[in-house]
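One structure is given here, and the rest of the page talks about it.
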Amino acid sequence: KNSRYILAEAENIPFKDNSFNIVISITAIQNFQNIEKGLDEIKRVSKNLSILSFLKKSEKRENILNLIKDKFNIKEIAEEEKDIIIIAYKI
């Protein structure tokens, strides 16, 4: 009843800085138009913790991993059947 639906691009999330305790991005990063800008936005709207996943067979895998490592403090990386899942904190 008290929820609302907001459609936005990952590169321009329409929320204030530090709006969410946790930001979760499930198997979407490889589809961002601009991966670096999308990750910057995730970091911006998160208070600290982000859970990120992407397809491990993605051609962009190494680029995504390197960008996440540059932008976040990684606590854990898990490889599942189809996805790589990363638990990360703001630097």
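Return the total of residues in the stretch 57-74 being surrounded by fewer than 16 Cβ atoms within 10 Å (Cβ to Cβ) and either in contact with a His (Cβ under 7 Å, 6 or more places away or on another chain) or in a helix (DSSP H, G or I) (or both). Walk me through it before giving the result.
So the first thing to find is which residues in the stretch 57-74 are surrounded by fewer than 16 Cβ atoms within 10 Å (Cβ to Cβ), and the list is 57, 59-63, 66, 69-70, 73-74.
So of that shortlist, the ones also either in contact with a His (Cβ under 7 Å, 6 or more places away or on another chain) or in a helix (DSSP H, G or I) (or both) come out as 61-63, 66, 69-70.
The qualifying residues number 6.
Tell me, please, whether a residue that is exposed (fewer than 13 other Cβ atoms within 10 Å of the Cβ) and either hydrophobic (A, V, I, L, M, F, W, C) or in contact with a helix residue (DSSP H, G or I) (Cβ under 6 Å, 6 or more places away or on another chain) (or both) can be found in the stretch 75-84. I'd like the intermediate steps shown before the answer.
Restricting attention to the stretch 75-84, the residues satisfying the condition of being exposed (fewer than 13 other Cβ atoms within 10 Å of the Cβ) are 75-76, 78-82.
Then drop every residue that is not either hydrophobic (A, V, I, L, M, F, W, C) or in contact with a helix residue (DSSP H, G or I) (Cβ under 6 Å, 6 or more places away or on another chain) (or both), which leaves 78.
Yes; the residues of the stretch 75-84 include at least one that is exposed (fewer than 13 other Cβ atoms within 10 Å of the Cβ) and either hydrophobic (A, V, I, L, M, F, W, C) or in contact with a helix residue (DSSP H, G or I) (Cβ under 6 Å, 6 or more places away or on another chain) (or both).
Is there a residue in the stretch 57-73 that is under 12 Å from residue 23 (Cβ atoms) and among the hydroxyl-bearing types (Ser, Thr, Tyr)? Write out each step before concluding.
Taking the stretch 57-73 and keeping what is under 12 Å from residue 23 (Cβ atoms), we get 72.
The next check asks that each one be among the hydroxyl-bearing types (Ser, Thr, Tyr); those that pass are none.
No, every residue in the stretch 57-73 fails to be under 12 Å from residue 23 (Cβ atoms) and among the hydroxyl-bearing types (Ser, Thr, Tyr).
Matching residues to (1) within 19 Å of residue 10 (Cα to Cα); (2) small (Gly, Ala, Ser):
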site: 49; (1), (2): yes, no
site: 53; (1), (2): yes, yes
site: 56; (1), (2): no, no
site: 63; (1), (2): yes, no
site: 68; (1), (2): yes, no
site: 74; (1), (2): no, no
site: 86; (1), (2): yes, no
site: 89; (1), (2): yes, no
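Of the numbered conditions (1) loosely packed, with under 14 Cβ neighbours inside 10 Å; (2) assigned to a strand (DSSP E or B), residue 54 satisfies every one except a single condition; which is it?
Among (1) loosely packed, with under 14 Cβ neighbours inside 10 Å; (2) assigned to a strand (DSSP E or B), residue 54 violates only (1).
If I ask for residues that are over 9 Å from the mean Cα position of the chain (by Cα) and β-branched (Val, Ile, Thr), which ones from the stretch 37-85 would you list?
Correct list: 45, 64, 74, 77, 84, 85.
Does residue 43 satisfy the criteria of being of a type in the set (D, E, K, R), open to solvent by less than 80 Å² (accessible area, probe 1.4 Å), in contact (Cβ under 8 Å) with a residue 12 or more places away in the chain and not in a strand (DSSP E or B)? Show your work before the answer.
On the way: of a type in the set (D, E, K, R): yes; open to solvent by less than 80 Å² (accessible area, probe 1.4 Å): yes; in contact (Cβ under 8 Å) with a residue 12 or more places away in the chain: yes; not in a strand (DSSP E or B): yes.
Yes: the conditions hold for residue 43.
Can you confirm whether the stretch 67-79 contains a residue that is closer than 20 Å to residue 91 by Cβ and of a type in the set (Gly, Ala, Ser)? Show your work before the answer.
Just the residues of the stretch 67-79 that are closer than 20 Å to residue 91 by Cβ, to begin with: 67-77.
Now narrow it down to the ones that are of a type in the set (Gly, Ala, Ser): none.
No: zero hits.
I'd like the full set of residues that are part of a loop (DSSP other than H, G, I, E, B), polar (S, T, N, Q), surrounded by 11 or more Cβ atoms within 10 Å (Cβ to Cβ) and touching a residue at least 24 places away in the same chain (Cβ under 8 Å), limited to the stretch 1-40. Please lay out each step first, then the result.
Quick first cut of the stretch 1-40, residues part of a loop (DSSP other than H, G, I, E, B) only: 1-9, 13-19, 26-28, 32-34.
Next, only the ones that are polar (S, T, N, Q) stay: 2-3, 18-19, 27, 33-34.
Still in the running and surrounded by 11 or more Cβ atoms within 10 Å (Cβ to Cβ): 18-19, 27, 34.
Once the filter is applied, which keeps residues that are part of a loop (DSSP other than H, G, I, E, B), polar (S, T, N, Q), surrounded by 11 or more Cβ atoms within 10 Å (Cβ to Cβ) and touching a residue at least 24 places away in the same chain (Cβ under 8 Å), the stretch 1-40 yields 18, 19, 27.
The values are calculated or read from the model by the stated rules, or taken from the named source; none is laboratory data. The structure displayed is predicted, hence computed values, not measured ones. Ideal geometry is used to build each Cβ from the backbone, glycine not excepted, and the neighbour counts take in all protein chains shown. The protein model used for the area step is the full one, side chains on, heavy atoms only, and it has no ligands, DNA or RNA in it. Shrake-Rupley method; radii C 1.70, N 1.55, O 1.52, S 1.80 Å.
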